[in-house]
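**Q** My structure is below; once you've seen it, I'll send some questions.
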Amino acid sequence: MDITLALGGGGSKGNAHIGVLRILEREGFRIRAIAGTSAGGMIACIYAAGYTPDEIETEISKASKRKLYGLGSRSAPAIFGVDRIANVLKEMLGDESFDDLKIPCAVTAVDIGSRQEVVLRKGRVVDALMATIAIPGVFPPKAWGDRLLVDGGVLDPVPITVARSLMKNIPIVASVLSPAPQTWSNLPPPHILKTPLVLEPITRLRVAQAFELFLRSLDIGQRMLTELRLEVDKPDVIIRPDVAEIGVLDKVNVAEVVKLGEIAAEKALQDLYYAVSWKGKMLRRLGFRVPR
């Protein structure tokens, strides 16, 4: 039962992808290619490097106990630095290039200069990950040749088309970390500035309060962009873990977030089996969207 997987971004929410991977493997689905952005890109590359879901959870859990986010340098246009995150990734991936990975893998970023999406699937994996996780204003952009790259989720929250390009003619499964539209009115606002990572006095400044309002507006736009991309890119199956109340930089219990991914994947099993069935394959070959 071959599938291709697209993993969306979402910071601390991204641990839910580990649970999705675990259930897919348990049920006999073989992931032939994988693409991701931001936190989804991290999980995608680590998995493609040959780590099992159990090993990924163990390593991420150990990493989460460290102080990963330090304040950014004055020369970087960002609140936080990424040196400690880079060190963790280097411990796991070393100097591996995309050519060294066990399955085809790609991550996405956005070129601030050209305002275009950039698909990264060549060169050193850790360098690409520093680009795909570069949340604008939160983490510093990544220099890539003559380009300056930021988080791929700015333009494409779930890189379905990129995943499809890696392995054609098999079902595309999208693990989406944003909530379904019908739940939006009941959700809490995003709270990057209210995490323990940011000093409380800073959050009382007028400029910080204004930034918080900006983040709320941005979050609305990102949710709508996600839904529009899902409608246009048409994955065969959508798995949507219930992680809406988790902030992008929240310090979380990794195992609990992983469990949310497992629950969501189990709920999607009927759709997954249909997508790989002979009927689902026939509909896809005829150019029809597999019904859910």
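The values are calculated or read from the model by the stated rules, or taken from the named source; none is laboratory data. Note that this is a predicted model, so its numbers are computed, not measured. Methodologically, a virtual Cβ is constructed for each residue, glycine included, from the backbone with ideal geometry; neighbour enumeration extends over all protein chains shown. Ligands, DNA and RNA are excluded from the accessible area calculation, which covers all protein heavy atoms including side chains. Shrake-Rupley method; radii C 1.70, N 1.55, O 1.52, S 1.80 Å.
**Q** Give me a count of the residues in segment 151-181 that are of a type in the set (Gly, Ala, Ser), under 22 Å from MET1 (Cβ atoms) and part of a helix (DSSP H, G or I).
**A** Within segment 151-181, the subset of a type in the set (Gly, Ala, Ser) is 152-153, 163, 165, 174-175, 178, 180.
Then drop every residue that is not under 22 Å from MET1 (Cβ atoms), which leaves 163, 165, 174-175.
So of that shortlist, the ones also part of a helix (DSSP H, G or I) come out as 163, 165.
Residues in segment 151-181 being of a type in the set (Gly, Ala, Ser), under 22 Å from MET1 (Cβ atoms) and part of a helix (DSSP H, G or I): 2 in total.
**Q** Please go through (1) at pLDDT 70 or above; (2) within 22 Å of ARG164 (Cα to Cα) for GLY221 and return the number of the only condition it doesn't satisfy.
**A** Of everything listed in (1) at pLDDT 70 or above; (2) within 22 Å of ARG164 (Cα to Cα), GLY221 misses just condition (2).
**Q** Considering segment 102-133 alone, what residues qualify as being buried (at least 21 other Cβ atoms within 10 Å of the Cβ) and closer than 13 Å to GLY36 by Cβ?
**A** Result: CYS105, ALA106, VAL107, THR108, ALA109, LEU120, VAL125, ALA128, LEU129, ALA131, THR132, ILE133.
**Q** Another one. Counting only residues that are open to solvent by 50 Å² or more (accessible area, probe 1.4 Å) and within 15 Å of ALA180 (Cα to Cα), which one in segment 241-259 is nearest to the chain's Cα centre (by Cα)?
**A** Restricting to residues being open to solvent by 50 Å² or more (accessible area, probe 1.4 Å) and within 15 Å of ALA180 (Cα to Cα), the top hit is ASP242.
**Q** Turning to a different aspect of this structure: What are the residues in segment 134-172 that are surrounded by fewer than 21 Cβ atoms within 10 Å (Cβ to Cβ), more than 16 Å from VAL232 (Cβ to Cβ), of a type outside the set (A, V, I, L, M, F, W, C) and touching a residue at least 60 places away in the same chain (Cβ under 8 Å), if any?
**A** Hits for segment 134-172 are GLY137, ASN169.
**Q** Which pairs have Cβ atoms under 8 Å, sit 6 or more apart or on different chains, and link a residue in segment 249-270 that is of a type in the set (Asp, Glu) to one that is modelled with pLDDT of 95 or more and crowded, with 16+ Cβ neighbours inside 10 Å?
**A** Once the first residue is of a type in the set (Asp, Glu) and sits in segment 249-270, its partners that are modelled with pLDDT of 95 or more and crowded, with 16+ Cβ neighbours inside 10 Å give GLU262/GLY19; GLU262/VAL20; GLU262/ARG22; GLU262/ILE23; GLU266/ILE23.
**Q** Right, here's the next one. Could you count how many residues in segment 49-63 are touching a Lys or Arg at 6+ places or on another chain (Cβ under 6 Å) and on the phi < 0 side of the Ramachandran plot?
**A** Residues flagged as touching a Lys or Arg at 6+ places or on another chain (Cβ under 6 Å) and on the phi < 0 side of the Ramachandran plot within segment 49-63 amount to 1.
**Q** Among the residues of segment 260-292, write down those that are surrounded by fewer than 18 Cβ atoms within 10 Å (Cβ to Cβ) and at pLDDT 80 or above.
**A** Hits for segment 260-292 are ILE263, GLU266, LYS267, LEU269, GLN270, TYR273, TYR274.
**Q** Only one of these conditions is not met by VAL254: (1) under 26 Å from PRO171 (Cβ atoms); (2) modelled with pLDDT of 80 or more. Which number is it?
**A** (1)
**Q** Which one is farthest from LYS259 (Cα to Cα) among residues in segment 1-57 that are among the polar types (S, T, N, Q) and either out of contact with any strand residue (DSSP E or B) (no Cβ under 6 Å at 6 or more places or on another chain) or open to solvent by 20 Å² or more (accessible area, probe 1.4 Å) (or both)?
**A** THR52
**Q** Return the pairs, sorted by first residue and then second, in which the second residue is in a loop (DSSP other than H, G, I, E, B) and open to solvent by less than 70 Å² (accessible area, probe 1.4 Å), the first residue lies in segment 110-125 and is closer than 7 Å to PHE98 by Cα and touching a residue at least 12 places away in the same chain (Cβ under 8 Å), the beta carbons are less than 8 Å apart, and the residues are 6+ apart or on different chains.
**A** ARG121/PRO104; ARG124/GLU96; VAL125/ALA49; VAL125/GLU96; VAL125/LEU101
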